[in-house]
1. Somewhere in region A:123-135, is a residue in contact (Cβ under 8 Å) with a residue 40 or more places away in the chain, open to solvent by less than 50 Å² (accessible area, probe 1.4 Å) and under 20 Å from A:K57 (Cα atoms)?
2. Hey, B:E88 hits all of (1) open to solvent by 30 Å² or more (accessible area, probe 1.4 Å); (2) within 14 Å of chain A (Cβ to nearest Cβ); (3) in a helix (DSSP H, G or I) but one; which does it fall short on?
3. Name the single residue, out of those in region B:226-240 being surrounded by fewer than 19 Cβ atoms within 10 Å (Cβ to Cβ) and within 28 Å of B:D167 (Cβ to Cβ), that is farthest from the other protein chains (Cβ to nearest Cβ).
4. Report whether or not A:A25 is in contact with a Lys or Arg (Cβ under 7 Å, 6 or more places away or on another chain) and either away from chain B (no Cβ under 11 Å) or over 25 Å from A:T122 (Cα atoms) (or both).
5. When B:S22 is evaluated against the numbered criteria (1) buried (at least 21 other Cβ atoms within 10 Å of the Cβ); (2) in a helix (DSSP H, G or I), which criterion, by number, is the only one it fails?
6. When B:E146 is evaluated against the numbered criteria (1) in contact with a helix residue (DSSP H, G or I) (Cβ under 6 Å, 6 or more places away or on another chain); (2) within 14 Å of chain A (Cβ to nearest Cβ); (3) modelled with pLDDT of 95 or more, which criterion, by number, is the only one it fails?
7. Restricting region B:1-15 to residues that are open to solvent by 10 Å² or more (accessible area, probe 1.4 Å) and of a type outside the set (V, I, T), which is modelled with the lowest pLDDT?
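The values are calculated or read from the model by the stated rules, or taken from the named source; none is laboratory data. Nothing here was measured: the structure is a model prediction, and the numbers come from that model. Here the Cβ is made from the backbone with ideal geometry for all residues, glycine too, and neighbour counts use every protein chain on show. SASA here: full protein model, heavy atoms, side chains in, ligands and nucleic acids out. Shrake-Rupley method; radii C 1.70, N 1.55, O 1.52, S 1.80 Å.
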Amino acid sequence: MDANAQLIEHMMNPQNYGSMENADAQGIGKNPDNGEKVLIHLKVKEEAGKPVIEDIKFQAIGCSTTVVAGSIITTEAKGTDFDRAEDIVAFTLGMLDRVPPEEAACSEMVAVALKAAMDVYTQRQIDPDYPVISYKIKNSCETTEEVGDNQ
Amino acid sequence: MKTVMIEMHEVWLETMMAGFMSSGEKKEQLFDFAAIFFRHFTWLENELIEIGEAYNYDRNMMNVQAERLSDLLHRIIKKLGALDLQLEGSPDRELAHRISSDIRYITGVMMKMKDERVEAFSRALKYPGVALSEEATKAFTRFLFEESYKEYELILIYNYLKAHSDDAYLNRIFQILIDESQFHFKSFGNMMAKMGILSVPRIVMKELYQVEDVVQFLKDGIDEELAAKEECRALSEAVGKDSPELAAFFDFINMQEDYHITLMKDALAHYTKKETDV
């Protein structure tokens, strides 16, 4: 399946979309420029002393690119331990300067939402009432129009 | 009752999808049935409001992909049968009786519908009779995914606002906006089916329809409508070279957004006046 076909697949059937009852932690990635955001829900189990993402769901106020990013990243993260999930976050954030700004903002929102959810889970091991964390993204999906000579 | 409302929400969407993926006389019949299910959904919502039971528009994610229309119709019929049984526990016996009566008739008609092979999930990315360039195809595909979801979202937002308002002036506006979005949702869904990319819109987050600041929502909404006009204009330009027919359709949708803007401005003025009067 080529990249375009995969994108269509994720748009038609986004994986892991929806809310989760009795989530162990939630985290938010937010675009302060336009109010778009991603909410990630985690169900976590401890295996060999390490937290493992047993189940993951996401919801988005955003465009279809955000939904595709959410579908891909949550699929990658499901079943992994937090170390591997941190790698997924780092990898996603590391490639943002190589993609168009609007796509960068969408992927960053999902990545920081996942990071926020993991941070909430970690904090809740100390304080069970630790609130949901919301991280703001650095990229903006607002693209600036070039002013042509004829303007 | 909450479960019944959620399932009726799902049946409305599934029946719309069945309409998108079908052809001939039964297509319009399925859209008519979907409209009846949407009204059932609003009746059930109103009952929840009356008895003071908290609710939202969450539902299950649905995959309606099917090789034959009968596959989906059987699923809908089965769900309606279960829903009919659940209605036994409804406190409003008259409403339950009316809905049961509709379910019995509609399932009877659905059972007899002529089966057909479904092409709505083929991922062909080709619009019948139109040779779009790769760039135009991408723009068109993206537009359909974005806007079909957006119209579904708007239907739910205006429906929720209407359900929680007893202001006749505003409810007239909300109803027109619901009807407009239903038409757009139907138009884009039919196009998605023709392109082979039909899918159920994703679940709408609560905070979008449980609007806390209606004035701000309307102001933002007017900006969004202006952006939607620009999207339509850009898409009309992108497909215009390959298909004047599609371009004319998107110009039509572009101009329709002016109705929405006018209605939202009217609603905004009405809300602002109400707040000033208080």
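1. Within region A:123-135 (the criterion being in contact (Cβ under 8 Å) with a residue 40 or more places away in the chain, open to solvent by less than 50 Å² (accessible area, probe 1.4 Å) and under 20 Å from A:K57 (Cα atoms)), the answer is yes, since at least one residue qualifies.
2. (2)
3. It comes out as B:K229.
4. yes
5. B:S22 satisfies all of (1) buried (at least 21 other Cβ atoms within 10 Å of the Cβ); (2) in a helix (DSSP H, G or I) except (2).
6. (3)
7. Among them, the one singled out is B:M1.
This table checks each residue for (1) within 14 Å of chain A (Cβ to nearest Cβ); (2) among the hydrophobic types (A, V, I, L, M, F, W, C); (3) open to solvent by 30 Å² or more (accessible area, probe 1.4 Å).
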position: B:V64; (1), (2), (3): yes, yes, no
position: B:S100; (1), (2), (3): no, no, no
position: B:R104; (1), (2), (3): no, no, yes
position: B:M113; (1), (2), (3): no, yes, no
